Amino acid sequence: MPKLVSISYSKLLLVVLGLQIFTEARAQDVEVRIDVDGSGRSAKVSGKVLQGDRKNERNFVFKKSVPGEPRLAERVSGVLLDGALPRQLMAGEYLAGSSFSSFAYSVNLKQPTASAALAHSSWIGDQAGILNLDDLLPQFAPSGKKVSANVRLELPAEWTSDVGNEFVVNDLSRSVMMVGKGIRRVDTGGSLALYVSGDFQFQTDEAAKIAREVFDEYSKMLGGLPRKDYRIILMKLPPSAGFGSWEAGTVGSTVTIVTGDATFASTALQRLHEQLRHEIFHLWMPNALNLRGDYAWFYEGFALYQSLKLGVRVNRIRFDDFLDTLSRAYTIDANAKPRLPLTSPAVDPTVRYARGMLVAFLIDLQFLANSRGRSDVTTILRTIFQTHGEKSEPTDSTEVLKTVIGQNAILDRYVFGADAIEWTGQLAAAGIESKQTGRTTTLSTAAKPNGRQKEILDRLGYNNWRKLGTKK
């Protein structure tokens with residue numbers, strides 16, 4: 001049973017915990033001090049470049065935007081490089097008169113107006129906040145290259161962080177932490193810990209139990225993750241955010257969920273399960289993969305689909321809910337204009353997610369039909385994870401996905417092309433029927449599926465509720 005424990009912030013405990021992104025090391029690239037002003041919702045950052053290959057030693061550049069916040073770099077002010085004022089080229093871009101080693105500046109960390117930015121950027125609220133080093137610190141190296149740092153936090157009285165006050169970060173672009181008052185650490189057992197700020201409509205041990213269940217299910221499906229410690233940050237939105245508001249994101253080994261109250265306590269717990277099913281999947285894909293290129297259609301679409309299947313598998317949702325979600329995704333994609341390939345930068349993110357999930361479903365159906373239910377989409381995911389994990393050589397994502405998935409007709413038409421999805425034949429083979437009413441599509445199971453159809457339906461989770469009811 002999960003147990004609530006107090007947090008110790010000694011260096012010894014950090015070594016014992018062995019946090020994935022905060023590990024003891026030497027000869028770091030950067031040394032950083034972050035002084036957080038809780039009442040002023042700001043931070044003063046100072047530091048030195050110790051070593052590393054900077055592309056242009058005179059440039060000092062910050063991240064420009066995150067989802068929900070297109071003017072992220074405008075928060076930075078008072079930049080000094082080796083004690084001198086640099087030339088400001090635009091918001092978040094500075095040019096020093098000569099190469100420099102030391103830097104200092106201030107950052108406005110007021111809570112974002114757009115909720116979408118809450119799980120993806122640095123900010124400070126009344127009682128707690130998020131420090132995402134990728135946007136709080138400048139971009140010290142070209143994209144894709146790791147930069148390590150010695151980090152020291154100076155926090156207001158009674159404030160703590162979930163990683164301590166002094167630590168080493170191996171990759172600044174994948175390092176997130178929570179700071180604030182009253183942070184609680186909840187053990188889930190094994191390599192996963194839950195850190196909580198705020199009071200929720202459910203008990204923290206319930207949240208820990210759900211996190212453990214989801215993490216273990218993906219471990220069985222895909223294989224064990226390479227690192228020893230993973231974290232979930234769970235934060236409460238202020239009442240002003242309104243019922244039902246929430247945002248989530250996964251960076252490196254850290255899942256962040258910022259959520260408000262739901263209409264009912266049972267709804268809040270159900271929503272948390274859904275959030276964790278999706279975000280914990282990202283600890284494997286893409287975070288533990290070594291693939292090059294933009295393949296968000298895959299890891300977002302397959303995350304949605306695998307989360308849906310897992311929800312049915314552990315009896316958190318019904319098979320009817322599974323079909324209803326796919327129906328809504330089809331309706332979104334069918335009504336998208338203009339139709340664009342999922343690989344196009346101009347495609348609407350909602351369409352990319354919806355059609356990506358439908359592609360995962362179609363591939364799942366094809367695998368199930370070809371193997372008489374013995375192989376499904378999990379086979380693909382496990383193969384990709386085991387052959388292209390972090391320790392493998394970097395490989396082009398398109399080449400890998402085409403090779404492993406093998407259903408090139410599906411990929412060519414719906415991912416790299418923009419054809420309207422035609423799934424009548426595959427649905428029929430699985431014992432699923434489609435009904436069109438105006439611009440809305442509805443899926444349902446066949447009244448009397450045959451033996452082959454039952455095999456596929458059973459692997460999709462059709463009989464899960466019935467099996468649950470027969471357990472003694």
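Below, the figures for the structure above:
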quantity	calculated
Cα-based Rg / Dmax (Å) for the chain	23.6, 78
Computed lengthening from GLU158 to ARG439, 0.36 nm per intervening residue step minus Cα-Cα distance	95.6 nm
Relative exposure of LYS146, LYS209, judged by other C-beta atoms within 10 Å (fewest first)	LYS146, LYS209
Highest to lowest packing among 162-171, 431-440, 327-336, scored as the average C-beta count within 10 Å	162-171, 327-336, 431-440
Taking the chain and dividing mean pair separation by its residue count, relative contact order in percent (alpha carbons under 8 Å, at least six apart)	12
Largest-first principal axis extents of the Cα set of the range 92-246 (Å)	56, 41, 29
GluC sites (Glu not before Pro) within the range 197-230, DSSP loop, no more than 15 other Cβ atoms inside 10 Å	none
Order of PHE416, PHE298, PHE243, PHE215 - criterion: other Cβ atoms within 10 Å of each residue's Cβ, fewest first	PHE243, PHE416, PHE215, PHE298
Theoretical gain in end-to-end length, ALA104 to THR350 [0.36 nm per residue, Cα-Cα removed]	84.7 nm
Gain upon complete extension [LYS228, ASP187; 0.36 nm per residue less C-alpha separation]	13.4 nm
Separation of the ASP324 and GLN127 label points, Cα + 7 Å toward Cβ, nm	3.3
Relative contact order, percent, the range 212-332 [alpha-carbon distance under 8 Å, six or more residues apart]	19
Leading residue at positive end of dipole, the chain (Cβ point charges), from SER392, ALA91, ILE405	ILE405
Vicinal HN-Hα couplings computed from phi for the range 376-390 (Karplus, 6.51 cos²θ - 1.76 cosθ + 1.60; Hz; Gly/Pro x)	9, 4, 4, 4, 5, 4, 5, 4, 5, 5, 6, 9, 9, x, 4
Long-range HN-HN contacts of GLN139 with modeled amide H, under 5 Å	VAL61, PHE62, LYS63
Förster radius 35 Å - calculated FRET efficiency between LYS448 and THR263 (Cβ-Cβ, nearest 0.05)	0.35
Karplus (6.51, -1.76, 1.60) ³J(HN,Hα), θ = phi - 60°, over the range 31-43, in Hz, Gly and Pro reported as x	10, 9, 10, 10, 9, 8, 9, x, 6, x, 6, 8, 8
Spin-label pair GLN88/ARG271, simplified geometry with 7 Å Cα→Cβ offset, distance in nm	3.8
With Cα atoms, 0 to 90° folded angle of helix 204-222 axis to the chain main axis	70
Gyration tensor (alpha-carbon) shape descriptor, the range 291-470, a/c threshold 1.5	oblate
Cut-off under 5 Å, modelled amide H: who pairs with THR445 long-range	GLU433
Relative contact order for the range 291-470, counting Cα pairs under 8 Å that sit 6 or more residues apart, in percent	31
Residues whose placed amide H lies under 5 Å from that of GLY164, excluding near-sequence neighbours	none
222 nm mean residue ellipticity, helices alone, for the chain (DSSP H n ≥ 4; -39,500 (n - 2.57); rounded to 500)	-10500 deg cm²/dmol
Student exercise, the chain dipole from Lys, Arg, Asp, Glu Cβ charges, in Debye to nearest 20	960
Phi to ³J(HN,Hα) by Karplus 6.51 cos²θ - 1.76 cosθ + 1.60 over the range 281-298, Hz, x for Gly, Pro	4, 5, 4, 8, 9, x, 5, 9, 9, 10, 10, 9, x, 8, 10, 4, 4, 7
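A short reminder: the numbers here are calculations on the coordinates, not readings from a lab. Remember, predicted model here, so these are calculated numbers, not experimental data. Positions of Cβ are generated from backbone atoms using ideal geometry, with glycine treated the same way; all protein chains shown enter the neighbour counts.
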